[in-house]
Every structure is written in C-alpha cells, then in structure tokens.
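Shown next, in structure tokens, is the structure this report addresses.
The values are calculated or read from the model by the stated rules, or taken from the named source; none is laboratory data. Nothing here was measured: the structure is a model prediction, and the numbers come from that model. When we count neighbours, we look across all protein chains shown, and the Cβ atoms used for this are built from the backbone with ideal geometry, even at glycine.
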Amino acid sequence: MGGYTGRLPRLYDFRHTFVCRRIQRWYEDGVDVNNAILNLSVYLGHVKPSDTYWYLSGIPDLQGIGQEPRAEAMRRAEVITVK
C-alpha cells in the first residue's frame, strides 16, 4: 500500500506543499510566523490573510502552537486588508 494511486499530482498539490514547508521552516528557524505569513499571503494572492492561516491546519506540529498570538495577528491582518 501507499504506492502509486493512479492520480498524478496537481499544481495545487505543489502549492500546498510549498506553503506548508515554508511555514514549517520559518517555525524551525525561529522566524515570527505571524508576521511572515502576511507577506506569504500577498505572494499567494490571498484576499484575506485568514485564508493563508488555513495552511497551518496542514502542519500537525504547528496546530496547537501560538493560538492566541495567531488570533491577534489575524485581527491585525484583517484591518490591513480592509483599508
């Protein structure tokens, strides 16, 4: 099991992997993910930074880390996008 499933990777799969690995690397390197993710959100073309925060759910190691700071960063980001 776990071999070829007959489904080729989609472009979206590469994008998702890139984002998850970038956020994981930032966390490992001690980067302030809450600030860096705002730039990543723009790079990805997301209208709302909360759409980028969704990727954190794809990284089990990061799911429970920094919930309160993340919520505050999302509030700040929403204010920025509304202007």
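Taking the criterion of being within 11 Å of Leu56 (Cα to Cα) and surrounded by fewer than 18 Cβ atoms within 10 Å (Cβ to Cβ), the only residue of region 23-41 that qualifies is Gln24.
Anything in region 1-26 that is of a type outside the set (S, T, N, Q) and either touching a residue at least 40 places away in the same chain (Cβ under 8 Å) or outside any helix (DSSP H, G or I) (or both)? List them, or say none.
Correct list: Met1, Gly2, Gly3, Tyr4, Gly6, Arg7, Leu8, Pro9, Arg10, His16.
Between Thr17, Thr5, the distinction of being modelled with pLDDT under 85 and either touching a helix residue (DSSP H, G or I) at 6+ places or on another chain (Cβ under 7 Å) or surrounded by fewer than 14 Cβ atoms within 10 Å (Cβ to Cβ) (or both) belongs to Thr5 only.
Return the total of residues in region 27-74 being in a helix (DSSP H, G or I), among the charged types (D, E, K, R) and at pLDDT 60 or above. Walk me through how you get there before you give the answer.
Taking region 27-74 as the starting set, the residues that turn out to be in a helix (DSSP H, G or I) are 27-29, 33-44, 49-58, 60-62, 67-74.
Next, from what is left, pick out any that are among the charged types (D, E, K, R): 28-29, 51, 61, 68, 70, 72.
Those left that are additionally at pLDDT 60 or above: 28-29, 51, 61, 72.
Result for region 27-74: 5.
For region 42-51, the candidate set comprises residues that are out of contact with any Leu (no Cβ under 6 Å at 6 or more places or on another chain) and not hydrophobic (A, V, I, L, M, F, W, C); within that set, the residue that is surrounded by the most Cβ atoms within 10 Å (Cβ to Cβ) is His46.
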